[in-house]
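K.L.:
Once you've had a glance at the structure underneath, I'll fire off some questions.
Nothing in this text is a laboratory measurement; each read-out follows from the coordinates by a stated rule. All values derive from a computational prediction rather than experimental measurement. Neighbour counts are summed over all protein chains in view; Cβ atoms, including those assigned to glycine, are modelled from backbone coordinates with ideal geometry.
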Amino acid sequence: MNSGVWEEVGCAKLWNEWCRATDAVHLSPAEAFCVFYHLKSNPSVFLCQCSCYVAEDQQYQWLEKVFGSCPKKNMQVTILTCRHVTDYKTPESTSSLHPPFLKALKTQTSKESPCCSLLEQPNIVHDLPAAVLSYCQVWKIPAILYLCYTDVMKLDLITAEAFKPVLSSRSLKGLVKNIPQSTEILKKLVATNEVQSNIYT
Amino acid sequence: MFVPCGESVCDLAGFTLLMPAVSVGNVGQLAIDLVISTLNMCKIGYFYTDCLVPMVGNNPYATSEKNSTELSINAEVYSLPSKKLVVLQLRSIFIKYKSKPFCEKLLSWVKSSNLAKVIVLSSSHSYHRNDLQLRSTPFRYLLTPSLQKSVQNKIKSLNWAEMEKSPCIPEISDSEYCIRIPGGGITKTLYDESCSKEIPMAVLLKFVSEGDNIPDALGLVEYLNEWLQIIKPHSDDPTASALPWKIPSSWRLLFGSGLPPALF
């Protein structure tokens, strides 16, 4: 989002027990947690920043509201998400894993070559990313999901940098500039999001 | 709703639908996995619904690098036209309050597709068995009235045990008797709805406990095979070592990842 001018075009308001907002009815856009932007220079490019947990009984309705109004012809979807590395199953010992690392899943109609290896069986994906990818698979929309397995519970520079190869992928490279300076930009982004610990003040 | 994979419309008239109930030990689902994997069935579509928790993963029946990259979702339909068999596999649990709507949607699809019969593979808690059930085979069957006429004789010849009725309210001594399937998930709902909608349905279940339920799944498919003969029956020859059922590649790591060597 740092690379272009993005204009907010909508939001999806939802509430569940995981949300921080207390008033479910009068959610302000800032509390909506699923904000949609489009690129001013190319309004057919949309970005959705989902910073809340969409509960399992809300996922289908979320999809219907978001994709129901989108024309499906020539649509391409890229999903970025994270899971804790303890979710990852491998025949090797878990101490041989070096998080963060990326894995991908793509729909039948996606022609894109993932910038990392595909997620091996028996690993699976849940929640909203799975709901979106399932929708795309059923309705034959080209979609690719990049999943970062990380060993930290909150945003940090190393996990964010794990997504760097995705920025050079066919679908996203046109949207991103200044890749060599991305580490500096990311550092600034992480610092502003960090809640300073005040346990000793 | 059923959404086909390809462009062509599948004609399932006269086919037998095999499906699992999400039940104790996931035995029905494991058994269905064995059927799909052994018969190398082709995916023909998805049962796209808001009733099941979404999940995705790569092809659970992959046999090589080439076919391992096909995406699978939570409810998919496979078929084997040569045996007039269509299979629905469910891979996740029901969202709260959505199990009844799912049964309604499923049975309406069964009716509109003119399927010949439905067979539900399920399981029930073994600790709920009464004394008589403890001493007998762990397999049971149930038939809806509309299926009874056509298959009763075949079932009789197999010497199968029908699911017994038990007190509706166990704590009350003069309670009425009814069919109860504790741990059976939607099995009872599907059975009751099929009875009232005159859908030919059979339920095949095994009494199980949670744990390593692979042997239970193998037992249940053998039980099914006694009736449907979908693969050649396991021979009585004790020297025959080959397992007739193909274990899917996704059954790896059922109990977690590899262990760190430093543990030992």
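K.L.:
So A:Ser51 fits all but one of (1) more than 13 Å from chain B (Cβ to nearest Cβ); (2) farther than 30 Å from B:Phe94 by Cβ; what number is the exception?
P.N.:
Of (1) more than 13 Å from chain B (Cβ to nearest Cβ); (2) farther than 30 Å from B:Phe94 by Cβ, only one is false for A:Ser51: (2).
K.L.:
Can you tell me which residue within the range B:113-132, out of those that are in a helix (DSSP H, G or I) and of a type outside the set (S, T, N, Q), is surrounded by the fewest Cβ atoms within 10 Å (Cβ to Cβ)? Spell out the reasoning first.
P.N.:
At the first step, the residues of the range B:113-132 found to be in a helix (DSSP H, G or I) are B:126-128, B:131-132.
Right, trim to of a type outside the set (S, T, N, Q) and you get B:127-128, B:131-132.
Values: B:Tyr127: 11, B:His128: 15, B:Asp131: 7, B:Leu132: 9.
Only one residue fits best here, namely B:Asp131.
K.L.:
Which one is surrounded by the fewest Cβ atoms within 10 Å (Cβ to Cβ) among residues in the range A:55-75 that are without any contact (Cβ under 8 Å) to a residue 12 or more places away in the chain and within 9 Å of chain B (Cβ to nearest Cβ)?
P.N.:
Once the filter is applied, the top-ranked residue is A:Glu64.
K.L.:
Within the range B:34-78, track down each residue that is hydrophobic (A, V, I, L, M, F, W, C) and more than 12 Å from chain A (Cβ to nearest Cβ).
P.N.:
Start the filter on the range B:34-78 by keeping residues that are hydrophobic (A, V, I, L, M, F, W, C), which leaves B:34-36, B:39, B:41-42, B:44, B:47, B:51-53, B:55-56, B:62, B:71, B:73, B:75, B:77.
Across the range B:34-78, the qualifying residues are B:Leu34, B:Val35, B:Ile36, B:Leu39, B:Met41, B:Cys42, B:Ile44.
K.L.:
Can you confirm whether the range B:18-35 contains a residue that is at positive phi and outside any helix (DSSP H, G or I)? Talk me through it step by step, then tell me what you get.
P.N.:
Here is the first cut: in the range B:18-35, the residues at positive phi are B:25-26.
Next, from what is left, pick out any that are outside any helix (DSSP H, G or I): none.
No: zero hits.
K.L.:
Select from the range B:159-183 the residues that are in a loop (DSSP other than H, G, I, E, B), in contact with a Ser or Thr (Cβ under 7 Å, 6 or more places away or on another chain) and not β-branched (Val, Ile, Thr) and list them in ascending order.
P.N.:
B:Ala161, B:Cys168, B:Arg180, B:Pro182, B:Gly183
K.L.:
Please verify whether A:Asp57 is more than 16 Å from the chain's Cα centre (by Cα) and of a type in the set (D, E, K, R), treating the condition exactly as stated. Walk me through it before giving the result.
P.N.:
Numbers: more than 16 Å from the chain's Cα centre (by Cα): yes; of a type in the set (D, E, K, R): yes.
Criteria met by A:Asp57.
K.L.:
State all residues of the range B:96-111 that are in contact with a strand residue (DSSP E or B) (Cβ under 7 Å, 6 or more places away or on another chain) and either within 14 Å of chain A (Cβ to nearest Cβ) or among the polar types (S, T, N, Q) (or both); if no residue qualifies, say none.
P.N.:
Once the filter is applied, which keeps residues that are in contact with a strand residue (DSSP E or B) (Cβ under 7 Å, 6 or more places away or on another chain) and either within 14 Å of chain A (Cβ to nearest Cβ) or among the polar types (S, T, N, Q) (or both), the range B:96-111 yields only B:Phe102.
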